[in-house]
Amino acid sequence: MTIFLIILAILAVIAGLLGFIYFRRLRQRRQFVHKKMQRIAKLVEQLENGRELDSHDVLPFAANPATRVMTFALLHNFDLKYLFPQNLYTQAKAAESHLANWLEFPTELDAFPDEMEHLQTQSIDVDGHGQQFVQYEVFRFRMRPPHWAADKDWMLGVAGPYFPGGEPYDHPPATFSRLTQQDDGVSPEEEVRWVHAHIYARS
């Protein structure tokens, strides 16, 4: 009986610990989402107050990779996509914003990259017969001190896949970075193949 009670007590402690971790992560996620939404709060407030937006209102938010994707989604929801700058309505610009926002997650860099550059668009032969292709956008990025990843210098990141007939701001389900250093000898093509096989194919 004593052993049974001890086991129950251990299970209760484990359950309590798991519950604590779950709710803490849920709270952290809500705070994270709230922080992101605060970045476009000015636009949201203007729309909710019935003030008509123009392209000058939108440009600073669309130009910033941290807020670009959210800005497009907001305009899309209010049927105001025509206000989004045409020079930023590209797959590469959308991918840049998706990757930057992914890197900000606490489990990744926990920050936006200090520098980010588009390297190339890479196609993947999905069926192996040259009949169906998808595309990935490849970037390099780096952090400045005192960030812990500053000593890695340039790292590779990928956003995709993008499908034929899709729109530039479609969600890329395999946005990812192994934080691989660019000078480690891993080419952009190899990084895309790894992400496609290990992230997209297993999702």
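How do TRP194, TRP154, TRP102 rank by accessible surface area computed with a 1.4 Å probe, from largest to smallest?
Of TRP194, TRP154, TRP102, the descending order of accessible area is TRP194, TRP102, TRP154.
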Among the lysines, select those whose C-alpha is under 23 Å from the C-alpha of LYS42, and discard any that sit fewer than 8 residues away in the same chain. LYS81, LYS93
Per residue solvent-accessible surface (Å²) - region 87-203, probe of 1.4 Å: 50 Å²
For THR180, what accessible surface area do you get with a 1.4 Å probe? Give it in Å², rounded to 10. 20 Å²
14 Å reach of a label modelled at ALA150, 7 Å along Cα-to-Cβ, counting backbone N of region 95-114: 114
Please compute the modelled spin-label separation between GLN120 and ASN77, points set 7 Å along Cα→Cβ, answer in nm with one decimal. 3.8 nm
For a quick check of understanding: with a 1.4 angstrom probe and all protein chains in place, what accessible area in square angstrom does ILE199 have, to the nearest ten? 40 Å²
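Quote the FRET efficiency, to the nearest 0.05, computed for ASP184 versus HIS56 with a Förster distance R0 of 35 Å and r equal to the Cβ-Cβ distance.
Working: r = 43 Å, r/R0 = 1.24.
FRET efficiency, ASP184 to HIS56: 0.20.
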Per-residue HN-Hα couplings for region 107-113, Karplus 6.51 cos²θ - 1.76 cosθ + 1.60 at θ = phi - 60°, whole Hz, x for Gly and Pro? 7, 10, 7, 6, 5, 6, x
Karplus 3J(HN,Hα) series, Hz, for region 58-64 with 6.51 cos²θ - 1.76 cosθ + 1.60 (x for Gly, Pro): 7, 3, x, 7, 6, 6, 8
Given the protein chains as shown and a 1.4 Å probe, how many square angstrom of HIS118 are accessible, to the nearest 10? 90 Å²
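The values are calculated or read from the model by the stated rules, or taken from the named source; none is laboratory data. Note that the coordinates shown come from a computational prediction; the quantities given were computed from them, not determined experimentally. In this analysis, Cβ positions are derived from the backbone assuming ideal geometry, glycine residues included, and neighbour counts consider all displayed protein chains. These accessible areas exclude ligands, DNA and RNA; they are computed on the full protein's heavy atoms, side chains included. Shrake-Rupley method; radii C 1.70, N 1.55, O 1.52, S 1.80 Å.
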